[in-house]
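To keep things clear, I will list the structure first and then write my remarks on it.
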Amino acid sequence: MNIRDETVLREFNLYPLWVRKDAPAPLAEIEAQATFEKQPAQAEVPIVQAPTESQQLSSSPTAAVASEPVHNNIGDADWPSLKQQVKECTVCKLRAGCTQTVFGVGDEKAEWLFVGEGPGADEDAQGEPFVGQAGKLLDNMLAAIKLKRGSNVYIANVVKCRPPNNRTPEADEVAQCLPYLQRQVALIKPKLIVALGKTAATSLLGRDATLGSLRGTIHEYYGIPLIITYHPAYLLRSPAEKSKAWQDLCLAVTTHSAK
Ligand code: URA
């Protein structure tokens with residue numbers, strides 16, 4: 001095991017593993033855990049169907065209070081057109097208060113799509129999602145399941161503009177921006193989506209719920225398995241929850257492998 005693997009395992013409180021002297025080699029056990037050979041069978045995990053498009057829009061607590069999104073031709077936009085539309089978007093009030101839009105980053109044919117809430121200060125300055133402290137933890141979470149930013153992984157946010165003082169995006173802002181994410185999903189066609197935090201989870205599901213009640217289950221977003229876990233920024237504030245995030249990532253890996 002190299003230093004990098006050790007760092008990642010430490011991140012999830014999985015290292016060092018204390019064992020009795022006569023027990024089998026601890027590193028082999030950790031590595032087996034890291035490759036997810038010992039995860040519970042997928043059949044044990046309930047699958048929740050996504051709402052239909054109309055259900056999604058009408059039952060969403062975010063969409064319910066939102067006005068109709070005003071967009072041109074997002075539905076059939078290709079990558080260059082979609083990027084341009086996001087860049088030029090002034091549909092909601094967030095654009096006036098941010099430095100630049102943050103479109104998303106990564107492999108446009110990725111099997112893995114990670115969705116966060118919206119850019120923070122670092123992302124607003126650099127134009128790329130998850131480049132601050134939360135991003136460092138996300139990179140370590142990816143490494144823990146043998147993934148790497150940009151390689152078979154795409155990272156996007158629900159809203160493309162930084163909300164003032166990093167507040168949670170408001171319902172109308174989510175509703176106005178969600179079509180961009182929907183088009184990103186349609187273009188990427190990921191095998192699996194991981195929602196990071198409540199805003200991403202409830203925006204994709206189209207209904208409100210606590211994160212604790214949503215995690216641990218395989219949901220679906222238009223036929224694509226959707227795994228929900230804690231936002232890395234929350235995990236930085238509540239490191240004791242990292243073990244649950246680890247379980248969620250393990251569920252993501254077994255779900256991805258089964259697809
Ligand atoms: N938090 C998010 O949800 N997204 C980012 O890009 C950065 C922090």
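The values are calculated or read from the model by the stated rules, or taken from the named source; none is laboratory data. As the structure is a prediction and not an experimental result, all values here were calculated from the model. As a convention, Cβ positions derive from the backbone with ideal geometry for all residues, glycine included, and neighbour counts pool all protein chains shown.
Summary of values
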read-out	value
All positions within the range 98-137 that are surrounded by 20 or more Cβ atoms within 10 Å (Cβ to Cβ) and of a type in the set (S, T, N, Q)	T101
Some residue of the range 162-170 being crowded, with 23+ Cβ neighbours inside 10 Å and in contact with a helix residue (DSSP H, G or I) (Cβ under 8 Å, 6 or more places away or on another chain)	yes
Subset tally (residues that are in contact with a strand residue (DSSP E or B) (Cβ under 8 Å, 6 or more places away or on another chain), farther than 25 Å from Y180 by Cβ and not β-branched (V, I, T)) for the range 216-247	2
Restricting the range 104-136 to residues that are touching an Asp or Glu at 6+ places or on another chain (Cβ under 7 Å) and aliphatic (A, V, I, L, M), the residue that is nearest to the ligand (Cβ to nearest atom)	V131
Flag for A209 being closer than 25 Å to E108 by Cβ and either touching a residue at least 24 places away in the same chain (Cβ under 8 Å) or over 15 Å from the mean Cα position of the chain (by Cα) (or both)	no
Residue count for the range 142-163, restricted to those that are under 19 Å from Y230 (Cβ atoms) and away from the ligand (no atom under 13 Å from the Cβ)	6
Boolean, A156 is closer than 20 Å to C92 by Cα and in a strand (DSSP E or B)	yes
Qualifying residue in the range 167-176 (condition: modelled with pLDDT of 95 or more, farther than 27 Å from A258 by Cβ and of a type in the set (S, T, N, Q))	yes
Residue among A175, A233, A252, A195 that alone is more than 23 Å from E128 (Cβ to Cβ) and either not charged (D, E, K, R) or not assigned by TED's automatic domain parsing to the domain that holds Q126 (or both)	A175
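Matching residues to (1) away from the ligand (no atom under 16 Å from the Cβ); (2) among the basic types (K, R):
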residue: Q182; (1), (2): yes, no
residue: K198; (1), (2): no, yes
residue: R215; (1), (2): yes, yes
residue: Y221; (1), (2): yes, no
residue: T229; (1), (2): no, no
residue: L235; (1), (2): no, no
residue: P239; (1), (2): yes, no
residue: K244; (1), (2): yes, yes
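Matching residues to (1) under 27 Å from Y222 (Cβ atoms); (2) free of Cβ contacts under 8 Å to residues at least 60 places away in the same chain; (3) within 13 Å of the chain's Cα centre (by Cα):
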residue: T99; (1), (2), (3): no, no, no
residue: V115; (1), (2), (3): yes, no, yes
residue: E128; (1), (2), (3): yes, yes, no
residue: I145; (1), (2), (3): yes, no, no
residue: S151; (1), (2), (3): yes, yes, no
residue: N157; (1), (2), (3): yes, yes, yes
